[in-house]
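Asks: Could you have a look at this structure, given as structure tokens, before my questions?
The values are calculated or read from the model by the stated rules, or taken from the named source; none is laboratory data. Because the structure is a prediction, the values reported are computed rather than measured. Neighbour counts run over all protein chains shown; Cβ positions are idealised from the backbone, glycine included.
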Amino acid sequence: MEDVAGREELTEATEAVGRVVGGRVGGAGRLGVAFSGGVDSAVLVALAVRALGAGRVVAVVGVSPSLAAGERQGAHDVAAFIGVPVAEVLTREGERAAYRANGPDRCYHCKDELFTRIDADVAGRLGLAAIAYGENADDALRPDRPGSLAATEHGVLRPLADAGLDKAAVRRIARALALPCADKPAAPCLASRIPHFEVVDAGKLRQVEEAEAGLRALGFADVRVRHHGDVARIELAEADLARAASPPARELVVSAVRTAGFRFVALDLVGIQSGAFTLPLVEAPVHA
């Protein structure tokens, strides 16, 4: 049963998100939400539904080789749970030289492509008066979010951040709403597994997707497979490191990763590292 504090936070969040989106969509407009099925975009869609009504919210899923098949299906499942329609839009960031070059601004080119395609392909057809995405208040403080610039350039709303909802608050609201993704680990796009300045291509993305799918099938829920040429560097939750390194799981891990096309399999003892490739390039050096 939802406690009083939980109900109050949910009500306040709904009102705050409603204020942000209500003025942009008008009395009868529809809101499109760039949707991954992760906890941030799911909470945004759910709060928007509470504020506007299910008939005025559309979950927009960008589809490209950087989106794992499991994540695509998961997005549809979460949208169905919330009760909103899904519109898929094909994005072609892989045709952009700047995206393939894979600098620290790669996410800018990806988000710019997504928002451009939404504007061109679905906004008019679906009668969308505004677009929003799931940046939260913690994301807004990070220095490695070039996608935020693309959102600003396209006039995309960020209601969670504007409402002051950080990641912990988003998780609490997701649990209060009983969303199936409430405890889902973060799942950045597959391109984030490739070191910066090494070319992003469909073959590498496919290798990463297959290796990660194989590891999840072994029960490793939170996993990243970093692509270092012939070497796959596996990041797992700290609680899973010992099991992955010990028989019989070790042999199964090696088999799953080699089946995806890697020659060498390395287990990173540090565990999951969000922004492992980007943060060192954008953070200011620390001086003693």
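Asks: Looking only at the range 207-222, how many residues end up being without any contact (Cβ under 8 Å) to a residue 40 or more places away in the chain and under 19 Å from the mean Cα position of the chain (by Cα)?
Replies: So the answer is 2.
Asks: On the given criteria, is GLY103 surrounded by fewer than 23 Cβ atoms within 10 Å (Cβ to Cβ), in a loop (DSSP other than H, G, I, E, B) and either out of contact with any strand residue (DSSP E or B) (no Cβ under 6 Å at 6 or more places or on another chain) or of a type outside the set (A, V, I, L, M) (or both)?
Replies: Spelling it out, GLY103 is indeed surrounded by fewer than 23 Cβ atoms within 10 Å (Cβ to Cβ), in a loop (DSSP other than H, G, I, E, B) and either out of contact with any strand residue (DSSP E or B) (no Cβ under 6 Å at 6 or more places or on another chain) or of a type outside the set (A, V, I, L, M) (or both).
Asks: Return the residue satisfying two criteria in turn: it lies in the range 246-269 and is out of contact with any helix residue (DSSP H, G or I) (no Cβ under 9 Å at 6 or more places or on another chain) and small (Gly, Ala, Ser), and of such residues it is surrounded by the fewest Cβ atoms within 10 Å (Cβ to Cβ).
Replies: The extreme case among them is SER246.
Asks: Still on this structure: Can we say VAL122 is surrounded by 21 or more Cβ atoms within 10 Å (Cβ to Cβ), hydrophobic (A, V, I, L, M, F, W, C) and either in contact (Cβ under 8 Å) with a residue 24 or more places away in the chain or not in a loop (DSSP other than H, G, I, E, B) (or both)?
Replies: So VAL122 does not fit the description; no.
Asks: Before we move on, is VAL61 at pLDDT 95 or above, β-branched (Val, Ile, Thr) and surrounded by fewer than 20 Cβ atoms within 10 Å (Cβ to Cβ)?
Replies: No: the conditions fail for VAL61.
Asks: Got a number for residues in the range 181-195 being within 17 Å of ARG233 (Cα to Cα) and either modelled with pLDDT of 95 or more or small (Gly, Ala, Ser) (or both)?
Replies: The first filter runs over the range 181-195 and keeps only residues within 17 Å of ARG233 (Cα to Cα), leaving 187-195.
From the residues that got through so far, the ones that are either modelled with pLDDT of 95 or more or small (Gly, Ala, Ser) (or both) too are 187, 190-195.
Number of matching residues: 7.
Asks: Determine which member of the set LEU114, LEU47, LEU67 is buried (at least 18 other Cβ atoms within 10 Å of the Cβ), in contact with a strand residue (DSSP E or B) (Cβ under 7 Å, 6 or more places away or on another chain) and either in the same structural domain as LEU10 (by TED's automatic domain parsing) or closer than 19 Å to CYS189 by Cβ (or both). Working first, answer last.
Replies: Numbers: LEU47 fails: in contact with a strand residue (DSSP E or B) (Cβ under 7 Å, 6 or more places away or on another chain); LEU67 fails: in contact with a strand residue (DSSP E or B) (Cβ under 7 Å, 6 or more places away or on another chain).
Result of the check over LEU114, LEU47, LEU67: LEU114.
Asks: Which helices (runs of 4 or more DSSP H) does the range 136-229 wholly contain that include 2 or more residues that are in the same structural domain as GLU95 (by TED's automatic domain parsing) and either surrounded by 15 or more Cβ atoms within 10 Å (Cβ to Cβ) or in contact with a Lys or Arg (Cβ under 7 Å, 6 or more places away or on another chain) (or both)?
Replies: Because the criterion is at least 2 residues that are in the same structural domain as GLU95 (by TED's automatic domain parsing) and either surrounded by 15 or more Cβ atoms within 10 Å (Cβ to Cβ) or in contact with a Lys or Arg (Cβ under 7 Å, 6 or more places away or on another chain) (or both), the helices (runs of 4 or more DSSP H) in the range 136-229 that meet it are 147-153, 159-162, 167-176.
Asks: For the structure I just gave you, tell me whether VAL253 is part of a helix (DSSP H, G or I), outside the structural domain of ALA79 (by TED's automatic domain parsing) and of a type in the set (A, V, I, L, M).
Replies: yes
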